[in-house]
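Asks: One structure coming up, written as structure tokens, with questions to follow.
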Amino acid sequence: MAFQPMVAIGAQKIFAYEALLRGKDGSSPRDVFRQVTPDTLYAFDQKCRTTSIELAAELDLAGEGALLSMNFLPNAVYDPKACIRLTLEVAKKTGFPVDRIMFEFTETEQVDTQKILDILTTYQRLGFKTAIDDFGAGYSGLKLLTMFQPDVVKLDAGLIRGIDTSRAKQAIVRNSIRMLEEMGILIVCEGIETEDEYSALYDLGVDLMQGYLFAKPGFETLPEPYWPVHEAVSMPQSKRL
């Protein structure tokens with residue numbers, strides 16, 4: 001696993017580290033996914049979870065209050081309560097706090113909406129944080145938000161790329177922020193690669209950000225982020241960290 005930080009700009013703190021799949025030598029996740037079959041999907045998903053938690057505990061990821069954010073494969077979950085048992089066992093064994101674990105669901109994977117709702121509500125009830133990843137690029141989007149409000153929504157990188165020169169993207173992100181804040185949901189903008197993209201988002205009031213500008217994923221390490229030069233301010237979302 002590699003870890004990439006999500007940063008809270010106002011407080012200059014690490015909000016979370018996202019666990020990202022890599023090969024044993026740090027190679028691309030594509031090489032690993034090619035070996036996964038429908039018969040091994042469940043075991044693969046479980047192994048990714050347990051490895052992420054064990055390594056995060058070893059690196060003391062939660063020591064400064066950061067979250068461990070893990071992606072999960074909805075199609076690998078046949079029963080939310082049964083499939084979460086091993087995750088809970090490993091968290092208890094390693095001493096990693098359950099309330100510091102966040103599960104990301106990417107809406108680009110077409111899955112039955114009721115199944116997603118069952119998984120997310122079960123995880124939330126057990127004390128895990130929940131997040132919708134790649135928001136704005138998938139199948140369910142706003143419809144899912146009417147039925148379930150996660151702790152975090154991550155705006156798709158496609159909305160962020162070149163936002164500094166696109167009035168349309170700025171309008172979409174500005175109004176998405178307003179909508180999500182009214183629902184009490186934290187917003188993370190991901191895929192930030194340039195200072196200009198960062199400045200545009202900063203001016204829009206975005207506090208939580210992720211992207212190569214701040215840090216590339218660190219293989220089995222917790223990379224320290226780069227902090228763009230800006231006067232430290234207390235943004236509204238920082239209060240909820």
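Asks: For the stretch 120-136, which positions are touching a Pro at 6+ places or on another chain (Cβ under 6 Å) and either among the β-branched types (V, I, T) or open to solvent by 10 Å² or more (accessible area, probe 1.4 Å) (or both)?
Replies: Initial filter on the stretch 120-136 (touching a Pro at 6+ places or on another chain (Cβ under 6 Å)): 122, 130-132.
Scanning the stretch 120-136 gives T122, T130, I132.
Asks: Next question, about the same structure. Is there any pair with a first residue in the stretch 137-150 that is closer than 19 Å to R125 by Cβ and a second that is surrounded by fewer than 13 Cβ atoms within 10 Å (Cβ to Cβ) and modelled with pLDDT of 90 or more whose Cβ atoms are under 8 Å apart and which are 6 or more apart or on different chains, and what are they?
Replies: L145/M183; Q149/M183; Q149/G184
Asks: Let me ask you something else. Quick test for you: out of L201, L144, pick the one residue that is within 25 Å of I14 (Cβ to Cβ) and outside any loop (DSSP other than H, G, I, E, B).
Replies: On the way: L144 fails: within 25 Å of I14 (Cβ to Cβ).
Going through L201, L144 in turn, just one is within 25 Å of I14 (Cβ to Cβ) and outside any loop (DSSP other than H, G, I, E, B): L201.
Asks: Could you please find all residues in the stretch 191-214 being in contact (Cβ under 8 Å) with a residue 60 or more places away in the chain and open to solvent by 10 Å² or more (accessible area, probe 1.4 Å)?
Replies: Matches in the stretch 191-214: Y202 only.
Asks: Can you tell me which residue in the stretch 80-104 is farthest from the chain's Cα centre (by Cα), limited to those that are of a type in the set (D, E) and within 18 Å of A131 (Cα to Cα)?
Replies: D99
Asks: Just the residues that are part of a loop (DSSP other than H, G, I, E, B) and in contact with a Phe, Trp or Tyr (Cβ under 7 Å, 6 or more places away or on another chain), please, taken from the stretch 149-170.
Replies: Correct list: D156 only.
The values are calculated or read from the model by the stated rules, or taken from the named source; none is laboratory data. These numbers come from a predicted model, not from an experiment. Methodologically, a virtual Cβ is constructed for each residue, glycine included, from the backbone with ideal geometry; neighbour enumeration extends over all protein chains shown. Surface accessibility is based on the protein's heavy atoms, side chains included, excluding ligands, DNA and RNA. Shrake-Rupley method; radii C 1.70, N 1.55, O 1.52, S 1.80 Å.
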